[in-house]
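The values are calculated or read from the model by the stated rules, or taken from the named source; none is laboratory data. As the structure is a computational prediction, the values presented were derived from the model and not from experiment. Here Cβ is always computed from backbone atoms with ideal geometry, including for glycine, and neighbour counts include all displayed protein chains.
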């Protein structure tokens, strides 16, 4: 599995989580939504740290910024949902908007960004990207669940470098 398969697999997981929330019994909506939001936050942070600097390098800053702006929209929608009752029309409207943004974002990444990056990156660069994604994924999970980082671990977040 390469780095773009890894990210696409995460996209499938997000799609399944949306379906689970949409078809859940009312008592299960809250915990399933919390799991969806956590998965979205983790995936967004992975892309912001590893994917968008590459997109900026290969496809230009404007495309990388568009991806980051999509993530900002996701964060806003998730924050709005936290303040609403899952049984309300407003909450459902935010959920559907969130799903629409995620699905459009996924489609664009998988149809355009991943093939372009795969063509532009050398095999050793793709292998390094894969290792970085996996390592950061574990670090983010540790951070999100309050587990201590291993001795000598690198910081989880770093600034997005547009000139990288």
Can you pull out the residues in segment 22-34 that are in contact with a helix residue (DSSP H, G or I) (Cβ under 9 Å, 6 or more places away or on another chain) and either surrounded by fewer than 13 Cβ atoms within 10 Å (Cβ to Cβ) or over 23 Å from residue 137 (Cα atoms) (or both)? 22, 24, 28, 29
Anything in segment 48-81 that is over 18 Å from residue 114 (Cβ atoms), touching a helix residue (DSSP H, G or I) at 6+ places or on another chain (Cβ under 6 Å), in contact (Cβ under 8 Å) with a residue 40 or more places away in the chain and surrounded by fewer than 20 Cβ atoms within 10 Å (Cβ to Cβ)? List them, or say none. 78
Can you tell me which of (1) modelled with pLDDT under 95; (2) within 18 Å of residue 46 (Cα to Cα); (3) surrounded by 15 or more Cβ atoms within 10 Å (Cβ to Cβ) is the one residue 141 doesn't meet? (3)
